[in-house]
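Read through the structure below, which is laid out as structure tokens, and then see the notes.
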Amino acid sequence: MARAGILYSHVAAAAAGLAADNKNPTVDTVREALGGTGSKSTIAPMLKRWKEEHQQTPSPAGPGVPPGLLQAVKGVYESIKTDFQQDLDVEKLAHAAGQRQLADELEKSRLQQAALEQRVNTLDSELASANTTIAHMHQANHLLTVDLAGARSEQAGLQQRLSDRAAEVAALNAQLTQARAQFDHYHEASATQRAEERQGFEQRAALVERELVTLRQQLLHHKGQASQFAGQLSQAGSENARLHQAAEAAQGDAARERSAAERTAFQASALSAQLDKLQARHDAMQVQVNESKIALAVRARESEIMASRLAQADSEAHAGAQEKQALMRAVTVLETELRQERELARQRDLAPPASSQPGP
């Protein structure tokens, strides 16, 4: 930047002074005459203007100026003019090259900007796709949560049913145990009673048999002594009839004992049938319990699978969220780079071309 206060009049006065001292007024000499102040980019256009104003109106020679000196001043002026024109051509070429380079850089910046905008659009599409995927994952997560809640509710119901079945099985086992105990007690009591009745019957039969043997012996003895005991024949017949009645009574007792034994066997058969029914019911309940356990195991496995799928969906949702954050950070970085590129391009468009006036 030039020092504040450097004006055209200052440059013109310094250049005129240098010309009056027979010195070539260049940017460096004028700057030196101004005390080293002012930049070359500020002094150069003012010095150019001064030279253009004074190149067609050379100062008239003062009185007493030798013609040779005047001719020398004109030669110096023409030399300065030629050097300035050459420097001006060089500056024009450099300015054109700088303009072309700036245009190339601007075109590259525009291409980079287009590529960045395309990348931003691609990232926006990917971000929208990621948001859609995350929404679908959230929806699937909700459905899995609902299914898991239903499975847990159904599992609780199966657990309750299993508890009820277990209680029923325990009650049936208790009834079965009680029935078996009653059957065993009845069977033992029946066996004891039958043994006692059989023993009593055998004793009575043995007694009757002994009485019959005794009566046969007495009958043989009476027959041998028929002639002697004719008077006792009727009594023996009566005793024989009594014994026959006793035998018939014993046979009736035996028949009643057989009937009681048959009733006992029938009752035992009924109890055995009831026991078989209870055993069949117990087996059916055991099958139902096993089926309930299998169904519960299947439901538990499905619950575990549902929980695993839910955890996987949560992990995928978390990964999608992290990917979304990474994409957002990348978009932010690209937007920052795009703004910087635009700012640099704008600064290049607004920056004036740099020019310098080289010395002779």
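The values are calculated or read from the model by the stated rules, or taken from the named source; none is laboratory data. This structure is a prediction, so every number in the text was calculated from the model and none was measured. No Cβ is skipped: glycine too gets one built from the backbone with ideal geometry, and neighbour counts run over all protein chains shown. For accessibility, only protein heavy atoms count, side chains too; no ligands or nucleic acids. Shrake-Rupley method; radii C 1.70, N 1.55, O 1.52, S 1.80 Å.
Put one equal scatterer on each alpha carbon of the chain, apply the Debye formula with no solvent term, and list log10 I(q)/I(0) at q = 0.08, 0.09, 0.13 1/Å to two decimals.
One equal scatterer on each Cα of the chain leads to -0.82, -0.89, -1.13.
Once the Cα atoms of helix 67-224 and of the chain are each reduced to a long axis, what angle between those two axes, in degrees from 0 to 90 to the nearest 10, is obtained?
On a 0 to 90 degree scale, this one is about 0.
Quick check for the chain: number of Lys pairs with alpha-carbon distance under 15 Å, counting only pairs 8 or more apart or on different chains?
8
Just reorder Asp276, Asp87, Asp28 by solvent-accessible area, largest first, 1.4 Å probe, all chains present.
From most accessible down to least: Asp276, Asp28, Asp87.
Might you report the magnitude of the Cβ-based charge dipole of the chain about its Cα centre, with Lys and Arg at +1 and Asp and Glu at -1, to the nearest 20 debye?
For the chain, the charge dipole is close to 160 debye.
Scan the chain and report its longest stretch carrying no trypsin sites (Lys or Arg not before Pro) that are both in a DSSP loop and have at most 16 other Cβ atoms within 10 Å. It would help to have the intermediate numbers written out before the result.
Values: sites that count: Arg3, Lys23.
Maximal segment without exposed cleavage sites: 24-360.
Tell me the volume per residue, in Å³, of the convex hull enclosing the alpha carbons of the range 146-220. Working shown, then result.
Numbers: hull volume 4.4 nm³, N = 75.
Taking only Cα atoms, the range 146-220 has a hull volume of 58 Å³ per residue.
In the range 284-339, with Lys and Arg counted as +1 and Asp and Glu as -1 at Cβ, which of these residues, Ala326, Leu338, Gln288, has the Cα nearest the positive end of the dipole, that is, farthest along it?
Gln288
Taking +1 at the Cβ of each Lys and Arg and -1 at the Cβ of each Asp and Glu, which of Leu102, Gly150, Thr133 sits farthest along the dipole of the range 69-167 towards its positive end, judged by Cα position relative to the Cα centre?
The listed residue farthest towards the positive side: Gly150.
Only Lys, Arg, Asp and Glu count, each charged at its Cβ (+1, +1, -1, -1), so figure out the dipole size of the range 118-225 about its Cα centre, rounded to 20 debye.
Dipole size: approximately 640 debye.
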